[in-house]
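The values are calculated or read from the model by the stated rules, or taken from the named source; none is laboratory data. Nothing here was measured: the structure is a model prediction, and the numbers come from that model. Cβ atoms come from the backbone with ideal geometry, glycine included; neighbour counts cover every protein chain shown. Keep in mind that these areas ignore ligands, DNA and RNA; they rest on the heavy atoms of the full protein, side chains included. Shrake-Rupley method; radii C 1.70, N 1.55, O 1.52, S 1.80 Å.
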Amino acid sequence: MKDLYRLLPEEMESLVIELGQPRYRADQILYSLYYKFPEKISEIKQLPAKFRDALSDEGFTIGSTKEIQRIKSKDGETTKLLLNLRDETPIESVLMQYPSKKLFGHPRSTICVSTQVGCAMGCVFCATGQMGFERNMKAEEIVGQVIHFAKILLEKGQHITNIVFMGMGEPLANYSETIRAVKLLTHPRGFGIGQRNITISTIGIISGIDKLAEENLQIGLAISLHAPNDKLRNWLVPTAGSSSVKDLINAGKRFFLKTGRRVTFEYALIEGINDSPEIATDLASLLKDNGSHVNLIPLNPTTSDFSRPRRRNVLEFERILYNSGVNCTVRVEKGTEISAACGQLRTDVMGKSNNKRKKIKK
Ligand code: SAH
Ligand code: SF4
């Protein structure tokens, strides 16, 4: 089966020409895919019936995702979906909405997409990391998550404003499919969202960051740092291996120099582990001169081993960074009660597919 959502506009043109059709058929298909969100080729009504049949005979399909669970937060601003991919693999995607400050303005609607089923990086505080790695997702499966939400929003007269690659999996460990998805989503004849409205979050695969800097894309990059020293980081991110905290910061600098886009460092704050004032001071001295931004994420607890710090400790951590001149924000906590951290919902529903968790000593 070949999914029409996989094809970039140039590839769609080659396909229609190969099948003996005029070039403009490609635009008819693309318009339908990205504005009407059909679930079957037979729903692309602009095309002649014979051509629709020819596409199906060639093995083309539209691999739409099937919703198996939808959970909304109490305030209605976070919606988490458990979606089945074509092979019945369940994955997660989240919509976070931020009301507009204008009277009748549209909300900011950010979709958080998954790029892998599970993750091989094994971060000890992350529900996806604790499931282990199942498989990489195809570009069309990443795009399919966006389309699924776009369709839901269209019914309310709303649209997607931002896409973050912060769901299940490590995007840079699935590099080529992630880049293809970015191209499909940002192409003016594809989904057409601005490159600047996309952010890729990585645990810090340095070769991937350097490669991404060369792509000539204006997308944002977030590097998940979580610790100011290698000992603590290697414990939180057991697969960090040879890439040190310094290497990551340097990779962020190179990315900024090449693309002009400032890097955000993400920092999951975990009570009693990486949230002390001393650690905040170390982090501040590490980052104070490089103009980067720190996003503090109070932990979404996934197991009883780790907790979220008290609010006042989070604010104290933020204050230390701020007073040292480090640009810093605390992520608005969204969807905690609906297990909105990546991998949590699938774990709630399926249990851990690969229960290899070790007991962790503090
Ligand atoms: N693999 C990538 C992208 C997916 S995770 C990465 O690690 O960056 C996206 C973000 O969610 C990361 O910053 C990660 O540290 C954070 N995260 C994972 N589990 C979390 C949890 N339980 N609570 C808060 N943030 C979490
Ligand atoms: Fe993978 Fe990111 Fe979770 Fe780490 S935090 S296990 S890299 S998804």
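Can you name every residue in the stretch 106-122 that is at negative phi and open to solvent by less than 30 Å² (accessible area, probe 1.4 Å)?
Those that are at negative phi and open to solvent by less than 30 Å² (accessible area, probe 1.4 Å): 107, 109, 110, 111, 112, 113, 114, 115, 116, 117, 119.
Scan the stretch 306-324 and tell me whether some residue there is more than 22 Å from the chain's Cα centre (by Cα), within 24 Å of residue 196 (Cβ to Cβ) and surrounded by fewer than 17 Cβ atoms within 10 Å (Cβ to Cβ).
Within the stretch 306-324, not a single residue is more than 22 Å from the chain's Cα centre (by Cα), within 24 Å of residue 196 (Cβ to Cβ) and surrounded by fewer than 17 Cβ atoms within 10 Å (Cβ to Cβ).
Name every residue in the stretch 285-302 that is part of a helix (DSSP H, G or I) and surrounded by fewer than 17 Cβ atoms within 10 Å (Cβ to Cβ), in order of residue number.
285, the sole residue that qualifies.
Looking only at the stretch 192-214, count how many residues are open to solvent by 30 Å² or more (accessible area, probe 1.4 Å) and either among the aliphatic types (A, V, I, L, M) or part of a helix (DSSP H, G or I) (or both).
Qualifying residue count for the region: 8.
Can you tell which of 9, 22 is in contact with a helix residue (DSSP H, G or I) (Cβ under 8 Å, 6 or more places away or on another chain) and crowded, with 16+ Cβ neighbours inside 10 Å?
From the options 9, 22, the qualifying one is 9.
If I filter the stretch 253-279 down to residues being among the acidic types (Asp, Glu) and touching a residue at least 12 places away in the same chain (Cβ under 8 Å), which single residue comes out as nearest to ligand 1 (Cβ to nearest atom)?
Among them, the one singled out is 266.
Determine if the stretch 239-252 includes at least one residue that is assigned to a helix (DSSP H, G or I), in contact with an Asp or Glu (Cβ under 8 Å, 6 or more places away or on another chain) and touching a residue at least 40 places away in the same chain (Cβ under 8 Å).
yes
In the stretch 123-141, what residues are more than 10 Å from ligand 1 (Cβ to nearest atom) and surrounded by 22 or more Cβ atoms within 10 Å (Cβ to Cβ)?
If the condition is that a residue be more than 10 Å from ligand 1 (Cβ to nearest atom) and surrounded by 22 or more Cβ atoms within 10 Å (Cβ to Cβ), then 131, 137, 139, 140, 141 are the ones that fit.
Tally up the residues in the stretch 221-241 that are open to solvent by 60 Å² or more (accessible area, probe 1.4 Å) and touching a Gly at 6+ places or on another chain (Cβ under 9 Å), please.
3
Can you name the residue in the stretch 64-97 that is of a type in the set (Gly, Ala, Ser) and either within 19 Å of the chain's Cα centre (by Cα) or not assigned by TED's automatic domain parsing to the domain that holds residue 115 (or both) and is also surrounded by the most Cβ atoms within 10 Å (Cβ to Cβ) among such residues?
93
One line per residue, one yes/no per condition, for (1) closer than 25 Å to residue 318 by Cβ; (2) within 16 Å of ligand 2 (Cβ to nearest atom); (3) of a type in the set (D, E, K, R); (4) outside the structural domain of residue 278 (by TED's automatic domain parsing):
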site	(1), (2), (3), (4)
223	yes, yes, no, no
227	yes, yes, no, no
230	yes, no, yes, no
243	no, yes, no, no
249	yes, no, no, no
260	no, no, no, no
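Residues 305, 282, 275: which one is at pLDDT 95 or above, in a loop (DSSP other than H, G, I, E, B) and farther than 30 Å from residue 215 by Cα?
275
Name the residue, out of 128, 89, 78, that is hydroxyl-bearing (Ser, Thr, Tyr) and more than 29 Å from residue 227 (Cβ to Cβ).
89
Tell me which residues, restricted to the stretch 47-61, are open to solvent by 80 Å² or more (accessible area, probe 1.4 Å) and in a loop (DSSP other than H, G, I, E, B).
58, the sole residue that qualifies.
Quick one: which strands (runs of 3 or more DSSP E) lie wholly within the stretch 68-177 and hold at least 3 residues that are more than 16 Å from ligand 2 (Cβ to nearest atom) and in contact with a strand residue (DSSP E or B) (Cβ under 8 Å, 6 or more places away or on another chain)?
78-84, 90-98, 108-112
From the list 189, 180, exactly one residue is outside any helix (DSSP H, G or I), away from ligand 2 (no atom under 11 Å from the Cβ), open to solvent by 40 Å² or more (accessible area, probe 1.4 Å) and in the same structural domain as residue 136 (by TED's automatic domain parsing). Which is it?
Just one listed residue meets the conditions, 189.
Does residue 319 satisfy the condition of being away from ligand 1 (no atom under 12 Å from the Cβ), farther than 15 Å from residue 272 by Cα and at pLDDT 95 or above?
Against the criterion (away from ligand 1 (no atom under 12 Å from the Cβ), farther than 15 Å from residue 272 by Cα and at pLDDT 95 or above), residue 319 qualifies.
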